[in-house]
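Presented below is the structure to which this report refers.
The values are calculated or read from the model by the stated rules, or taken from the named source; none is laboratory data. Since this is a predicted model, take the numbers as computed values, not measurements. Glycine also receives a Cβ, built like all others from the backbone with ideal geometry; neighbour counts cover every protein chain displayed.
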């Protein structure tokens, strides 16, 4: 029973108790002094007030427990973000990018500015060969702050076809803003992303994102989706996390550990 109904019933019982004595005697006037119906109604209303008080106390305990659970969940998220801000280092951005390529058996060749596949021959020697399957990833500098109008930020996410010709590209974006201990998770905007597009090798596409973010905030972008090869015989999943630090004016990728932490936050709040 909600507290609103409990309060209504408590008021009814209180008014009833106050109104009963003036309406007549609680006991008969004969020598045996038997209780009248007014007496028993008074007892019933008193018992009602007692039990309604118990219901109200129980409701308060349930609300307090829910508030404690919510506070603990929010604190867990804040602790994760605090750990991310403490451990993140700009010197590890390039290493994190290379680590992400390694999951797809790819390697970034800085001399040619290309992504190549890493394979092994029969002697287990590592050989680099041109990637034949399509490779779609965020660019090395994944996000740029184009402009700011007050606290309205205009970002551009850069998605690039490093190899092959990714086809049927479908990509969406989720955003998390972190400012101090405050966390704000923005749901997916259907207007941000691409659908059923083709990206020739070497071509970049821009995902514009507009949002409100105060100075000093860190904005995390979770970019995910899928694409196929040109013949549409193979489908490849795609997901990467990047960030933009409004204090430092820098963007990049996270380490594997921090990347997983951010993904957990996105999954928890989607």
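Give just the number: which of (1) touching a residue at least 60 places away in the same chain (Cβ under 8 Å); (2) more than 12 Å from residue 138 (Cα to Cα); (3) touching a strand residue (DSSP E or B) at 6+ places or on another chain (Cβ under 7 Å) does residue 252 not satisfy?
The failed condition is (2).
Quick check: anything in region 192-213 assigned to a loop (DSSP other than H, G, I, E, B), in contact with a strand residue (DSSP E or B) (Cβ under 9 Å, 6 or more places away or on another chain) and under 20 Å from residue 263 (Cβ atoms)?
Yes; the residues of region 192-213 include at least one that is assigned to a loop (DSSP other than H, G, I, E, B), in contact with a strand residue (DSSP E or B) (Cβ under 9 Å, 6 or more places away or on another chain) and under 20 Å from residue 263 (Cβ atoms).
Any idea which of 77, 55, 6 is at pLDDT below 70 and in a helix (DSSP H, G or I)?
Exactly one of 77, 55, 6 is at pLDDT below 70 and in a helix (DSSP H, G or I), namely 6.
Which condition number in (1) surrounded by fewer than 19 Cβ atoms within 10 Å (Cβ to Cβ); (2) in contact with a helix residue (DSSP H, G or I) (Cβ under 8 Å, 6 or more places away or on another chain); (3) under 19 Å from residue 139 (Cβ atoms) is the one that residue 241 fails?
(1)
Are any residues in region 168-181 surrounded by fewer than 19 Cβ atoms within 10 Å (Cβ to Cβ), in contact (Cβ under 8 Å) with a residue 40 or more places away in the chain and in a strand (DSSP E or B), and if so, which ones?
Within region 168-181, 168, 170, 172 meet the criteria.
Being surrounded by fewer than 18 Cβ atoms within 10 Å (Cβ to Cβ) and on the phi > 0 side of the Ramachandran plot narrows it down to one residue among 202, 193, 164, 225; which is it? Quick ask: steps written out before the conclusion?
Working: 193 fails: surrounded by fewer than 18 Cβ atoms within 10 Å (Cβ to Cβ); 164 fails: surrounded by fewer than 18 Cβ atoms within 10 Å (Cβ to Cβ); 225 fails: surrounded by fewer than 18 Cβ atoms within 10 Å (Cβ to Cβ).
It is 202.
Against the conditions (1) over 18 Å from residue 253 (Cα atoms); (2) modelled with pLDDT under 70; (3) in a helix (DSSP H, G or I); (4) in contact with a helix residue (DSSP H, G or I) (Cβ under 7 Å, 6 or more places away or on another chain), where does residue 1 fall short? Just the number, please.
(3)
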